[in-house]
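Working notes for the structure below.
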Amino acid sequence: MSENKTDPAFPAEALALAWAGDVAPAEELAHEMDKSFPLNTVLQRYWLPTIRAAVALHRKNADKAVELLGVMSPHELGAPWLIPVYVRGQAYLMQGNGRTAASDFQMIIDHPGLVRLSVVGVLAHLGLARAYALQGDTTKARAAYQDFLTLWKDADPDIPILKEAKEEYAKLQLSTAVTLPLHDRASR
């Protein structure tokens, strides 16, 4: 852990801990930052709500995550890397709200200049695929999975989220495979 609480990596460290499910240190770091920098607008309006929303997601409280990120809505396109939008999209997926989740993930995809080289840009394609699958739109889900897998074609094959995406895509392919009736198979 970073010792310098003014280090710009410090909030990202807390978010990474929260996202990884190590919520106690993430909450401790968030509390320390909140106490140390009550007037830091970026910290108060961007990082802390995002960290706390990631903790809420880990605790399966999607409603709380969406509520915490509400403070970001007026400023979300001014936020670096659109991380709060991604976290909110994940919350909507957890709620079963595929349409709203798709909107958030599409916003990220539509603004590559804001996302830059952040992994959020690539993961938004996976989120979009999951959102479309949740809505039952297998055609769009398949295309979004293909986009994600193309972007990560050279990634380490053991990355858990990549393995999950490949499994989900394979299941989607199987569930949408066209099976010809027996009489049609014989004529082919």
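Using the structure shown, decide if A102 is farther than 25 Å from G70 by Cβ and assigned to a helix (DSSP H, G or I). Break it down into steps so the answer makes sense when it comes.
Details: farther than 25 Å from G70 by Cβ: no; assigned to a helix (DSSP H, G or I): yes.
No, not satisfied.
Looking only at segment 46-104, how many residues end up being among the basic types (K, R) and touching a Phe, Trp or Tyr at 6+ places or on another chain (Cβ under 7 Å)?
0
Residues in segment 95-113: is at least one of a type in the set (G, A, S), touching a Gly at 6+ places or on another chain (Cβ under 9 Å), without any contact (Cβ under 8 Å) to a residue 60 or more places away in the chain and closer than 21 Å to V55 by Cβ?
Within segment 95-113 (the criterion being of a type in the set (G, A, S), touching a Gly at 6+ places or on another chain (Cβ under 9 Å), without any contact (Cβ under 8 Å) to a residue 60 or more places away in the chain and closer than 21 Å to V55 by Cβ), the answer is yes, since at least one residue qualifies.
Show me the helices (runs of 4 or more DSSP H) found entirely inside segment 1-97 where at least 3 residues are closer than 23 Å to V115 by Cα and at pLDDT 95 or above.
Counting at least 3 such residues, we get 9-19, 48-58, 62-69, 83-95.
Criterion first (within 30 Å of Q135 (Cβ to Cβ), crowded, with 20+ Cβ neighbours inside 10 Å and among the aliphatic types (A, V, I, L, M)) does V55 satisfy it?
yes
Under the condition of being among the basic types (K, R) and over 17 Å from F105 (Cβ atoms), which residue from segment 138-175 is surrounded by the fewest Cβ atoms within 10 Å (Cβ to Cβ)?
Checked segment 138-175; the qualifying residue surrounded by the fewest Cβ atoms within 10 Å (Cβ to Cβ) is K153.
So, of the residues in segment 102-125 that are more than 21 Å from T150 (Cβ to Cβ) and not acidic (D, E), which turns out to be surrounded by the most Cβ atoms within 10 Å (Cβ to Cβ)?
As a first pass, look at segment 102-125 and keep what is more than 21 Å from T150 (Cβ to Cβ): 103-104, 114.
Now restrict to residues that are not acidic (D, E): 103, 114.
Values: S103: 16, L114: 19.
The qualifying residue surrounded by the most Cβ atoms within 10 Å (Cβ to Cβ) is L114.
The values are calculated or read from the model by the stated rules, or taken from the named source; none is laboratory data. Predicted model only: the values in this text are computed from it and were never measured. Positions of Cβ are generated from backbone atoms using ideal geometry, with glycine treated the same way; all protein chains shown enter the neighbour counts.
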